[in-house]
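Visitor: What follows is a structure written as structure tokens; I'll ask about it next.
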């Protein structure tokens, strides 16, 4: 029941915020402001609904240490996509044809902030965290990652491969990042930086979506297995391999820190395994 309440409250805020951000997307400054406002309102709504339904402080979005975790996540996300696009370019799948649009790059900050925060709160803050209590960390990681990927099947140019690729490289990796740190800040920073570096800097499509131009006029060409085709680099085999590697590194860290939750076993029948004391 709390899953429904939490997910419903956050989804309403995310939906309304997306409508506002979409309505002002012709103005870079307004898009930046409304996107950041949507992200903040989503976090506030999540914190409030967790306090209401679980009677606890939502430590996963505590302000203490937030800046450092966001920064570390951003470095990982930007570094990962930089490495991926460098490998794609090395094999002839990416080139830069010139400069893009500074206004478009500003617009994408707002759009990306809203998307990264709302998706992380819904999928890692609510779905993964609550499902993990029953299925354990590995079960929740696999399940919610695949659901996250399949949610992208409605995107333009989407294919089953593209959706599964996102589930593996992003859904699993971001869940593992949360499992290792037990904070939403690092996966939020990672998610934001990955998407922004992808579109806002290198000018490539994000999950099949084309929109505002980034700082560079980037062009991908060549085999879809290398470039991701019309869906963008997230459907590239290079990206999937990179995401899997980072997922395993995060899960290794989680195991070392003792934050991997085992699957909950079914309760034994009443009276089983007990000894009556006269």
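Laboratory data are not the source of any read-out in this text; all were calculated from the coordinates shown. Source: prediction; values computed, not measured. Note that we place each Cβ from the backbone using ideal geometry, even for glycine, and neighbour counts take in every protein chain shown.
Visitor: Distance in nm between label sites at residue 33 and residue 133, each 7 Å beyond Cα in the beta-carbon direction?
Guide: The modelled label-to-label distance comes out at 4.0 nm.
Visitor: Mind checking which of 228, 110, 98 has the largest fluctuation in a GNM of the chain, springs on alpha carbons under 10 Å?
Guide: Of 228, 110, 98, the most mobile in the Gaussian network model is 98.
Visitor: Now for a separate question. On C-alpha positions alone, give me the angle between the axis of helix 28-54 and the longest principal axis of the chain, in degrees, nearest 10.
Guide: Here the helix axis deviates by roughly 10 degrees.
Visitor: Helix 102-120 versus the longest principal axis of the chain: what angle, 0 to 90°, nearest 10, using Cα atoms?
Guide: With rounding to tens, the tilt is 10 degrees.
Visitor: Relative to the longest principal axis of the C-alpha atoms of the chain, give the angle of the C-alpha long axis of helix 66-90, reported between 0 and 90° and rounded to the nearest 10°.
Guide: 50 degrees
Visitor: Gaussian network model of the chain, Cα springs within a sub-10 Å range: biggest mean-square fluctuation belongs to which of 45, 259, 53?
Guide: Among 45, 259, 53, the largest GNM mean-square fluctuation belongs to 53.
Visitor: Next question. In nm, what is the difference between 0.36 nm times the number of residues separating residue 2 and residue 219 and their Cα-Cα distance?
Guide: 73.6 nm
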